[in-house]
1. Would you mind working out the magnitude of the charge dipole of chain A relative to its Cα centre, with +1 at each Lys and Arg C-beta and -1 at each Asp and Glu C-beta, to the nearest 20 Debye?
2. So for B:Asp79, B:Asp209, fewest C-beta neighbours within 10 Å to most, what's the order?
3. Just to be sure I follow: if Rg is taken over the C-alpha atoms of segment A:188-300 and Rh is the Kirkwood radius over the same atoms, what is Rg/Rh?
4. Please report, in whole Å³, the volume per residue of the convex hull around the C-alpha atoms of chain B.
5. Please list B:198-204, A:129-135, B:275-281, A:84-90 highest first by mean number of surrounding beta-carbon atoms within 10 Å per residue.
6. In percent, how large is the relative contact order of chain A, given Cα pairs closer than 8 Å and 6 or more residues apart?
7. Ranked from highest to lowest mean number of other Cβ atoms within 10 Å per residue, what is the order of the peptides A:198-206, B:82-90, B:114-122?
8. Could you list the trypsin sites (Lys or Arg not before Pro) in segment A:153-190 that lie in coil according to DSSP, counting only those with at most 15 other Cβ atoms within 10 Å of their Cβ?
Amino acid sequence: MASNDFSAELVTTQAKRTTRPIWMEPPSPLAQVSKALILAAIAVIMLFPFVYVIAVSFSSYNDAVRGGLILWPKNPTLDAYRAVLEGGVVLRALQVSVGLTLFGTLAKMVATIMLAYGLSKPNVPGSRIVLFIALGSLLFSPGIIPNYLLVKELRLLDTYSALILPGLIGAFNLVILRNFFMNIPRELLEAARIDGASDWQILWQITLPLSKAVLAVVALFYGVGIWNSFFNAILYLNDTSKWPIQVVLRQYVLQGSAIPTVVDPGQPPPPVQTLQMAILVIATVPILLVYPFLQKYFTKGVLTGAIKG
Amino acid sequence: MRISQKAQPGLSPALTIPARKKMNLRQAIWRERWIYLFIIPGLIYFLLFQYLPLLGNVIAFQDYSPFLGFRDSPWIGLDNFRKIVTDPDFLIALRNTIQIELLQLIFSFPAPLLLALLLHSILSDRVKRVMQTIVYLPHFMSWVIIISLWEQIFGGAGFISQILRTQGLPPLDIMHNAALFKPLVVMQSIWKEVGWGTIIFLAALTTIDAQLYEAAALDGAKGFRRLWHITLPGIRHIIVLLLILRLGSMLSVGFEQYFLQRGAVGPEAAEVLDTFVYFRGIQGGDWGFATAVGLVRGVVSTVLIVGANWIAKRVGEEGVF
């Protein structure tokens, strides 16, 4: 089914939208069909797990227990989501993750913007050395145990700061922002300075409004990074009530812990499978929502980074 | 900068420049003093969280105990490093790391290249765009989500086992099978990251001059000869570059993917150097020894990437740095 759609699309779009260079031989039908089949197979392999998990998470008790190929819930229900969220732990983890992502992104943005602005100003003694120090951190990592000992010495264990502070400024993001700030016309900044504007005012009233797009991109990537971060919570948080959604997801889906749920008396509880998939979908949805933006900027970012080499 | 200060000489006497052309350093710093309020917090961050922990590696030379701390733990010289080569668990972790990395090099390294060549050969922009959107998707998911998704497909209660069950066959738990673990992680890596490499290869492919293809076609070169003589040489530098980066991370196959599945298949199959350091050090309390392993790994990685870069330059390719 899917493969037919795909090859049909391939053929029609080729006829309609694209022109083959004159020197290129007309492709053989066999080559075209096999290419279409390969592409369709790749698409199915990449998408099937997502489609299957989302469909089962909305399936009714009977459908889920019967199992088999479920690509669309026949009797859609929110039972699994209700049971999981009312159980408390998942809702709590979700709140933690949302809060961490919002505050963490804000903190990282403030820190990165300040340093990037400071380093973008020309003729500041010592700013080259600071930039060098920042970039040097890309070449090596101190290692997991020294990092852990530092967080412990700073008495940050079991605090949310431990999840944000150790990665507060990404050197790569710093360079992106600094380069962008440096490309803002000097005359604009000089004019403001002559009018007596302080650095705070210039940053707030000129630099930031001119950099909205690049700021949005950096914030988006910081946010996705925090949402996805998992191991630092394992490492630094012993208090399970502070766990973010990724850790809870692992606990229930990969370690098979019993999921605390609240179900109506007299009703069969939703099967474990659908509960697990509901948690999985909850952890995935925010990424899916921002994916269109991510893909757009990600492609550009990788290209500017890679093509130079 | 100077204009602004000439324009307001009376405002703040400290800011005015003497008649000399060159300012001395102290004056330059004083003139820019406010900007250091922006720079210093960030500098402190990098020194505190990126450089200070490097010093923590000294415990590799200690019989470190958290109760005694850095200062009072006994110094034991190179004993921890001597222990490394005879530690059976370390040797397992090293073997697994090298085996997995070789499999990744053979299978996951060329995968995006093949996909990029396939996509590049498709004339329709729309099909190309749709395919790219599909293959990039898992790159943005955390490993927890990826492994959980795979568990729902390949696990003991997953999709494949369910299908087998409805056919009256025994379930097949691929996720908990130690013998299948290494091929499995390679497939997971390809599934998650094939899109990332594809972007870079595709971009490199578009930089090849179309006239080369035309000239070759006029000379009678068919599809495969054009691929071999124009396309592949045209993106050779990118292939070499990515290979260098790959070799540089030879001893770090990644952490979370193995950490998450170690429980399912056991350390014999899934322990790699990174997880070894964590479980032996932070979980097992053998701090000094685990730090020594981490330190050796870090140094060897740096040597590898510098070496690969040097070789690439020797054979006439551009290096990373």
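Each value in this text was obtained by applying a stated rule to the coordinates, not by laboratory testing. None of the values given here were measured: they were computed from a predicted structure. Cβ atoms come from the backbone with ideal geometry, glycine included; neighbour counts cover every protein chain shown.
1. Computed about the Cα centre, the dipole is about 620 debye.
2. B:Asp209, B:Asp79
3. Computed over Cα atoms, the ratio is 1.23.
4. 291
5. Top of the packing list down: B:275-281, B:198-204, A:84-90, A:129-135.
6. 29
7. B:114-122, A:198-206, B:82-90
8. The qualifying sites are A:Arg155.
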